[in-house]
Amino acid sequence: MSELKRCPHCKQSDMLEIIHEDGYSLYYVLCGVCGISWATGYTKEQAIEIWNTRPIEDALEAECERLRGLLADAFDAVTTMDNRKLMMLRWNLRDMEASDEAEALALRTASRHTGE
């Protein structure tokens, strides 16, 4: 993994540097636009991996991709008025709602147990 993702703060990608200062055994990534730096690692590869690891961003992108697919399916079903596709879309939406409700319930239950 050698390509750096864009800066999570300013969203720029053309001014990113991997820094290794003499006398230190650490590498870090620095954005030359906004000055943010983190992703400290003992090797260049480790610093890049840490910089590129963004679980929340990755989860949101996966969710956006899933929703784009559902929207495309809905558009296709509506424009062709295909009853079978419309029924499948209804089932997918119902499953989504059930999943969201289960997740909300789990969060409420967890917060009760932690006292938050």
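Dividing the convex hull volume of the Cα atoms of the stretch 44-105 by its residue count, what figure in Å³ per residue is obtained? Please report the intermediate quantities before stating the final value.
On the way: hull volume 6.1 nm³, N = 62.
In the stretch 44-105, the Cα convex hull volume per residue is 98 Å³.
Once you measure Cβ to Cβ distances between cysteines in the chain, which Cys have no partner under 4.7 Å?
Taking the Cβ cut-off of 4.7 Å, the unpaired cysteines of the chain are 64.
Under DSSP H, which helices of the chain have Cα atoms covering 30 Å or more of the helix axis and a Kyte-Doolittle average no less than 1.6? Provide the component values of the computation, followed by the final result.
Details: long enough: 55-80 (37 Å, 0.05); 83-114 (46 Å, -0.76).
Helices meeting the span and hydropathy rule in the chain: none at all.
Taking the Cα centre of the chain as the origin and placing charges on Cβ (Lys, Arg +1; Asp, Glu -1), which of 42, 62, 27 is farthest toward the positive end of the dipole?
Most positive-ward Cα: 62.
Given +1 on the Cβ of Lys and Arg, -1 on the Cβ of Asp and Glu, and no further charges, what dipole in debye does the chain carry about its Cα centre, rounded to the nearest 20?
Working: 13 positive and 21 negative charges, 75 e Å.
In debye, rounded to 20, the chain gives about 360.
Can you pull the three principal axis extents for the Cα set of the chain, in Å, largest first?
Principal axes ranked by extent give 68, 44, 23 Å for the Cα atoms.
What is the projected area of the convex hull of the Cα atoms of the stretch 1-53, averaged over all directions, in nm²?
Working: hull surface 13.0 nm².
Mean orientational projected area (the stretch 1-53, Cα hull): 3.3 nm².
Show me the chymotrypsin sites (Phe, Trp or Tyr not before Pro) within the stretch 1-79 that DSSP assigns to loop and that have at most 10 other Cβ atoms within 10 Å of their Cβ. Provide the component values of the computation, followed by the final result.
Values: sites: 24, 27, 28, 38, 42, 51, 75; in loops: 24, 42.
Of the chymotrypsin sites (Phe, Trp or Tyr not before Pro), the ones in loops of the stretch 1-79 whose Cβ has at most 10 other Cβ atoms within 10 Å are 24, 42.
Restrict the search to the stretch 1-104; then list the trypsin sites (Lys or Arg not before Pro) that DSSP places in a loop and that have at most 11 other Cβ atoms within 10 Å of their Cβ.
Numbers: sites: 5, 6, 11, 44, 66, 68, 84, 85, 90, 94; in loops: 5, 6, 11.
Here the sparse-neighbourhood loop sites are 11.
Only the coordinates and a few stated rules stand behind these numbers; no lab work does. Fair warning: this is a prediction, and the values are worked out from it, not measured in the lab. Neighbour counts run over all protein chains shown; Cβ positions are idealised from the backbone, glycine included.
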